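Shown next, in structure tokens, is the structure this report addresses.
The values are calculated or read from the model by the stated rules, or taken from the named source; none is laboratory data. Because the structure is a prediction, the values reported are computed rather than measured. For neighbour counting, all protein chains shown are included, and Cβ atoms are generated from backbone atoms with ideal geometry for every residue, glycine included. Note: accessible area is taken over every heavy atom of the protein model, side chains too, but ligands, DNA and RNA are not part of it. Shrake-Rupley method; radii C 1.70, N 1.55, O 1.52, S 1.80 Å.
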Amino acid sequence: MAVSTGRSSGGPAAGESARGRSHRDYRPGRLRRSIATHWYAWAMVAPVLAVMLVLIGWPLIRGVYLSLTDATEANIGRTIGVNVIPSTYEFVGLDNYLQILTSSLFWDKLLWTVVWTAVCVGLHYGIGLGLAVMLNRRLRFRSVYRVLLILPWAVPAFVAAFIWRYLYNSDYGVINGFLKLAGIGGVGWLDDPTTAKIAVIAVNVWIGVPFMMVALLGGLQSIPAELYEAAEVDGAGPWQRFRAITLPGLRQVSGTVLLLGTIWTFNMFPIIFLVTRGGPGSETEILVTYAFREAFTGIRNYSGSAAWGVIILAMLIVLAVGYRRTLRSQGDPW
């Protein structure tokens, strides 16, 4: 009589159960699930990602590397005719960053860049919101006003900069021409540090307001009209409706456009460079224009310019992350 030990009968079932549990416990990663589910979308964006890696990723990596060296025009490798001159620059670690962060020049430029950004973005948002509220009402010739107000945004920045530079000309500028007709002496707009700063702020505000206006107008049109009607029935005045309905309704749009406006204005190279050339002296230069000057004027300091660029990028990343966390803590989804 055969005696069963239970091992042969229970073994396969137990093995199959273990394999089943192992198979059920396996969870693919989030990226793998996303690729499996949305493979067509990934295939469509793959060429764009490849181009971005070539045009942005590689220069960024190269810039970070150069910022850790002492590369200048004198010691970088180059080819002259049939002669190949090898590179002789060396790795210096964080010396460039320490030199920049401990110099008074950096802090002066940073202070003016922060003032420039805060004033421009504040005026962009304030004027853009006012115009958006005006255009959101029923108004005669509203379409004409929209087209006229959006024209500055359609003009390329370098064209606008050259036009405004001519307007600010001390001898032949239109602005000084009107002042002389009014019996007021001409002003050297680009010759004095204070007036030069006011001049570039005015140009940047003229260019940036239409974007804010269009974005905020779209946000205003997404707010249900029933909320305003209910508030008006309850006796709320215009300012109360604006404060209790309009501003909260524009929170998500405002957060997005303020962040974008801050990043764009912080790096607004063409207006500063083309209107004032950073002058008089270097009074109107912001961080990005000074980094350009380091790399392309005089004895070109490639390592120093790269270090300036990395510092600017790091500040903008910190700003964007902090701003995003602030918005999410207030209940905004992004």
Distance in Å, no decimals, from the C-alpha centre of segment 72-138 to the one of segment 211-281 is 26 Å
re segment 130-256: pairs of Cα atoms spaced beyond 27 Å account for a percent value of 41 percent
If unit charges are put on Cβ atoms (+1 for Lys and Arg, -1 for Asp and Glu) and the dipole of the chain is taken about its Cα centre, the option from VAL155, ALA182, ASN204 lying farthest towards the positive end turns out to be VAL155
Expressed to one decimal in nm², the mean projection of the alpha carbon convex hull of segment 95-171 is 8.7 nm²
Taking the convex hull of the alpha-carbon atoms of segment 178-243 and averaging its shadow over every direction gives an area in square nanometres of 7.9 nm²
By the Cα gyration tensor axes a ≥ b ≥ c (a/c under 1.5 gives rounded; else a/b larger than b/c gives prolate, otherwise oblate), the shape of the chain is oblate
Rounded to one decimal in Å, the inverse mean reciprocal Cα-Cα distance for segment 185-334, i.e. its Kirkwood radius, is 18.6 Å
One would report the Cα pair-distance distribution of segment 53-124, bin width 10 Å, in %, as 16, 26, 32, 18, 7, 1
Of the candidates ILE311, PRO280, TYR323, the farthest towards the positive dipole end of segment 210-334 (Lys/Arg Cβ +1, Asp/Glu Cβ -1, centred on the Cα centre) is ILE311
With +1 at each Lys and Arg Cβ and -1 at each Asp and Glu Cβ, the charge dipole magnitude of segment 186-334 around its Cα centre, to the nearest 20 debye, comes out at 440 debye
With the 1.4 Å probe rolled over protein heavy atoms, the chain has an accessible area per residue in Å² of 63 Å²
Dividing the helical contributions, -39500 (n - 2.57) per DSSP H run of n ≥ 4, by the residues of the chain yields a 222 nm value, nearest 500 deg cm²/dmol, of -21500 deg cm²/dmol
For segment 19-162, inverting the pair-averaged 1/r of distinct alpha-carbon atoms gives a Kirkwood value in Å of 22.9 Å
Ranked output for segments 256-262, 227-233, 33-39 by mean other Cβ atoms within 10 Å, highest leading, reads 256-262, 227-233, 33-39
